[in-house]
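Engineer: Quick one: the structure is below, questions incoming.
Please treat every number below as a calculation from the coordinates, not as lab data. All values derive from a computational prediction rather than experimental measurement. Quick reminder, even Gly has a Cβ in these numbers, built from the backbone with ideal geometry, and neighbours come from all protein chains shown.
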Amino acid sequence: MNMTLERNGCITREELERFNLITSEERFKKGTVAVIECIQEIPCNPCEAACPQGAIRIGSPITSLPKLNEELCTGCGVCIAKCPGLAIFTIDKTYSDTEATVSFPYEYVPLPVKDEIVEAVNREGKVVCKGKVVKVLNPKSYDRTPVVTVAIQKEFADDVRSMKRK
Ligand code: SF4
Ligand code: SF4
């Protein structure tokens, strides 16, 4: 297990940079794309199997970190609910001139509803800004891991990763 993560309890932007897990701004300009924030070298690979585009590669050994092929990723979001580590998100920085959307797994009840204004939080669970819920997906195939999408001010897209529990 990564020692820095163990100490802090959450991933930092610096760690993501060090592990080369930052999705490029060039790809963000093309629309919704996955962001994989997984730096724990554990035997786990459902994300690789879940992606219909073959955009996530772990390979061998199974403890390798997942690598995203940004160009193959369509931003469909299927991988979000399949990750037991709740470490995958999708971000759309092209949502509007001023707003981006962030989609994240949310395993709490009650679920938010469309158009609800919520408090968007960062990786540490600290409130960053207000967000507007634009979508809540909870199909059977997601196996009780609903995926919530919130619209937020674009400047917070690299920080917001969830919403405050209701
Ligand atoms: S968002 Fe869709 S296409 Fe992109 S990595 Fe996830 S499952 Fe694959
Ligand atoms: S499924 Fe999630 S926790 Fe497992 S390797 Fe993929 S990103 Fe990491």
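Engineer: For region 115-166 and region 67-113, what is the separation of their Cα centres, given in Å?
Structural biologist: 9
Engineer: For Cα pairs less than 8 Å apart in space and 6+ apart in sequence, what is the mean separation divided by the residue count of the chain, i.e. the relative contact order in percent? Display every interim value, and only then the final one.
Structural biologist: Values: 340 pairs, mean separation 32.0, N = 166.
Here the relative contact order equals 19 percent.
Engineer: If the only charges are +1 at each Lys and Arg Cβ and -1 at each Asp and Glu Cβ, what is the size of the charge dipole of region 59-101 around the Cα centre, to the nearest 20 debye? Present the calculation step by step, with values, prior to reporting the outcome.
Structural biologist: Values: 3 positive and 5 negative charges, 61 e Å.
Result for region 59-101 is approximately 300 debye, rounded to the nearest 20.
Engineer: So, one more: Would you grab the residues whose amide H sits under 5 Å from the one on Val128? Only those 5+ places off in sequence or on another chain, please, with H modelled 1.01 Å from N.
Structural biologist: Hits under the 5 Å cutoff: Ala120, Val121, Asn122.
Engineer: If I stretch the segment between Val127 and Asn20 completely, what's the gain in nm (0.36 nm per residue apart, minus their alpha carbon distance), one decimal? Spell out each step's value before the answer.
Structural biologist: On the way: separation 107, 0.36 × 107 = 38.52 nm, distance 2.61 nm.
Answer, rounded to one decimal: 35.9 nm.
Engineer: Oh, and also: Can you tell which of Gln153, Pro61, Phe104 lies farthest toward the positive end of the dipole of the chain, using +1 and -1 charges on the Cβ of basic and acidic side chains (Lys, Arg; Asp, Glu)?
Structural biologist: Looking along the dipole axis, the top candidate is Phe104.
Engineer: Could you tell me which of rounded, prolate or oblate describes region 1-97, using a ≥ b ≥ c as the square roots of the eigenvalues of the alpha-carbon gyration tensor, with rounded for a/c under 1.5 and, failing that, prolate when a/b is larger than b/c and oblate otherwise?
Structural biologist: In terms of gyration-tensor shape, oblate.
Engineer: In debye to the nearest 20, how big a dipole does region 3-163 give about its Cα centre with +1 on each Lys and Arg Cβ and -1 on each Asp and Glu Cβ? All intermediate terms of the calculation are to be shown ahead of the outcome.
Structural biologist: Numbers: 20 positive and 23 negative charges, 69 e Å.
Using Cβ point charges on Lys, Arg, Asp and Glu, region 3-163 gives about 320 debye.
Engineer: Counting only Cα atoms, I'd like the Rg/Rh figure for the chain, Kirkwood definition for Rh.
Structural biologist: Details: Rg = 15.0 Å, Rh = 16.1 Å.
Rg divided by Rh gives 0.94.
Engineer: Another question about this same structure. Rounded, prolate or oblate for region 66-116? Axes are the square roots of the Cα gyration tensor eigenvalues, ordered a ≥ b ≥ c, and the cut-off for rounded is a/c under 1.5.
Structural biologist: Values: a/c = 2.77, a/b = 1.10, b/c = 2.52.
Verdict is oblate for region 66-116.
Engineer: Ok, one more. So how much slack lies between Lys164 and Thr94, counting 0.36 nm per residue of separation and subtracting their Cα-Cα distance, in nm?
Structural biologist: Numbers: separation 70, 0.36 × 70 = 25.20 nm, distance 2.42 nm.
So the chain would gain 22.8 nm between Lys164 and Thr94.
Engineer: For the pairs Lys30/Lys132; Lys30/Lys140; Lys93/Lys130; Lys67/Lys130; Lys82/Lys126, flag any whose C-alpha to C-alpha distance is greater than 28 Å.
Structural biologist: Distance filter (> 28 Å) returns Lys30/Lys140; Lys67/Lys130.
Engineer: Long-range amide H contacts for Glu99: which residues qualify at under 5 Å (H placed 1.01 Å from N, peptide plane, sequence gap of 5 or more or a different chain)?
Structural biologist: Lys154
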